[in-house]
Amino acid sequence: MTKILYLLRHAKSSWDDVGLADRDRPLAPRGRKAARRIAEHLAGAEVPPALVLCSSAVRTRQTLDAILPSLAGEPEVLVEDGLYGALADSLLARLRAVPAGVPSVLLIGHNPGIGDLALELAGRGDTAALQRLREGYPTGALATLAIEDGGWAELADGGAELTDYVVPRELG
């Protein structure tokens, strides 16, 4: 059975308060608007996420709060400190620990980890979308990957197909 992985970089954060720790930076107004656009896009997902894994940073939790009402069903939501600033190898290790029966996961995190993980996993897919993915992973970007071979525990480099890649500014 095909597993679906959504990799979402948090929406644009605010730098207005230079005294805030990086982990405590909230979304900027532009980020809140972008998160609403991604929420609308996710509302039409053919396979809604059954599990949401979210970094504990304020900006990722606010991104989650903006999209959660648009997700079909009632996904299990886990906010995890270990996802804050995690690099691709740590994110991959976390995904490999997802129970085999979970059909779809939405991972909300940070760059460079999220973007690097998407590049590592996307072994095939639409050529134009793959090229756009290689060009960058801006805030609010969402990659959708289909994993057909094995399950989460077997997830490996090149083991997924990029089926969609959107950035908020493209969503009107």
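Is one or more of the residues making up segment 94-117 touching a strand residue (DSSP E or B) at 6+ places or on another chain (Cβ under 9 Å), at pLDDT 90 or above and acidic (Asp, Glu)? Scanning segment 94-117, I find no residue that is touching a strand residue (DSSP E or B) at 6+ places or on another chain (Cβ under 9 Å), at pLDDT 90 or above and acidic (Asp, Glu), so the answer is no. Scanning segment 92-121 for residues that are closer than 18 Å to residue 136 by Cβ and in contact with a Gly (Cβ under 8 Å, 6 or more places away or on another chain) yields a total of 5.
Here is a check on your reading of the model: is residue 166 closer than 20 Å to residue 44 by Cα, over 15 Å from the mean Cα position of the chain (by Cα) and touching a residue at least 40 places away in the same chain (Cβ under 8 Å)? Don't jump to the end; show me each part of the working.
Details: closer than 20 Å to residue 44 by Cα: yes; over 15 Å from the mean Cα position of the chain (by Cα): no; touching a residue at least 40 places away in the same chain (Cβ under 8 Å): yes.
No.
The single condition from (1) modelled with pLDDT of 90 or more; (2) closer than 19 Å to residue 114 by Cα that residue 42 fails is (1).
With respect to residue 141, is the statement that it is touching a Ser or Thr at 6+ places or on another chain (Cβ under 7 Å), within 23 Å of residue 43 (Cβ to Cβ) and not aromatic (Phe, Trp, Tyr) true?
So residue 141 does not fit the description; no.
All of 52, 47 fail the test of being at pLDDT 90 or above and either hydrophobic (A, V, I, L, M, F, W, C) or farther than 30 Å from residue 153 by Cβ (or both), apart from 52.
Residues that are crowded, with 18+ Cβ neighbours inside 10 Å and touching a helix residue (DSSP H, G or I) at 6+ places or on another chain (Cβ under 8 Å) number at least 2 in the following helices (runs of 4 or more DSSP H) confined to segment 47-154: 58-67, 88-96, 113-121.
Please go through segment 9-29 and pick out each residue that is in a helix (DSSP H, G or I) and over 18 Å from the mean Cα position of the chain (by Cα). Lay out the reasoning, then the answer.
As a first pass, look at segment 9-29 and keep what is in a helix (DSSP H, G or I): 22-24, 29.
Once the filter is applied, which keeps residues that are in a helix (DSSP H, G or I) and over 18 Å from the mean Cα position of the chain (by Cα), segment 9-29 yields 22, 24, 29.
Inspection of segment 24-40 finds a residue satisfying the criterion of being surrounded by fewer than 19 Cβ atoms within 10 Å (Cβ to Cβ), closer than 19 Å to residue 165 by Cβ and touching a residue at least 60 places away in the same chain (Cβ under 8 Å). Taken over segment 155-165, the residue count meeting the criterion of being acidic (Asp, Glu) and either part of a helix (DSSP H, G or I) or under 14 Å from residue 7 (Cα atoms) (or both) is 2.
Of 84, 6, which residue is under 15 Å from the mean Cα position of the chain (by Cα), within 16 Å of residue 167 (Cβ to Cβ) and at pLDDT 95 or above?
Numbers: 84 fails: within 16 Å of residue 167 (Cβ to Cβ).
Unique residue meeting the criteria: 6.
The values are calculated or read from the model by the stated rules, or taken from the named source; none is laboratory data. This structure is a prediction, so every number in the text was calculated from the model and none was measured. Please note: Cβ atoms are built from the backbone with ideal geometry, for glycine as well, and neighbour counts cover all protein chains shown.
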